[in-house]
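Here is the structure we will look at, set down as structure tokens.
All of the numbers you see were taken from the coordinates with simple rules; none came from a lab. Everything numeric here is computed off the predicted structure, so don't read it as measured data. A quick note on method: Cβ atoms are made from the backbone with ideal geometry, for glycine too, and the neighbour counts reach across all protein chains shown.
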Amino acid sequence: MIKIGPNELRSAKTFIKDFMCSDSQKFMNYDELLSIFENCSKSIRPEHDKPNDLRSLSYIDDMKSGKWNKDIILERTTYMGQRLITDGIHRGIAYLACIDAGVDEKVLPDLYIKEK
């Protein structure tokens, strides 16, 4: 596993193309996903959140309050011919939301990429 920081996470490309209220056709990185999450999460009602993207809100609360007590492990695999993060999308979004809200990196969980 490779330990990473928030800047590496921001630029890490994921297998997500369309997310929440976006209908992008390109693979997005975490910075793009966070921006979409921040813009769309307030307008989506939980009963209309079939993919459960709003789960990042509870992850954010847990990380901010110190209830999140384990490392964040993101899995990167080959997907459609590219090396992309395929697991840990919502945890990564929550982590970056905490950083952007001013939560000290020292109190947040460690971030790792696991290659598969």
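Volume per residue of the convex hull around the Cα atoms, evaluated for region 2-115, comes out as 98 Å³.
Pairs of Cα atoms nearer than 8 Å and 6+ residues apart set the relative contact order; for region 2-115 it is 32 percent.
Asp31 to Ala101: extension gain in nm, 0.36 nm per residue of separation minus the Cα-Cα distance? List each step's numbers first, then the result.
Numbers: separation 70, 0.36 × 70 = 25.20 nm, distance 1.42 nm.
Working it through step by step, the gained length comes to 23.8 nm.
From the cross-link list Lys67/Lys114; Lys13/Lys64; Lys42/Lys106; Lys13/Lys42; Lys70/Lys106, which pairs have alpha carbons spaced over 20 Å apart? Walk me through the numbers before you get to the answer.
Numbers: Lys67/Lys114 23 Å; Lys13/Lys64 25 Å; Lys42/Lys106 28 Å; Lys13/Lys42 24 Å; Lys70/Lys106 13 Å.
Where the Cα-Cα span goes over 20 Å, the pairs concerned are Lys67/Lys114; Lys13/Lys64; Lys42/Lys106; Lys13/Lys42.
For region 97-116, the residues whose backbone nitrogen is under 13 Å from a point 7 Å from the Cα of Asp62, taken along Cα to Cβ, are 109.
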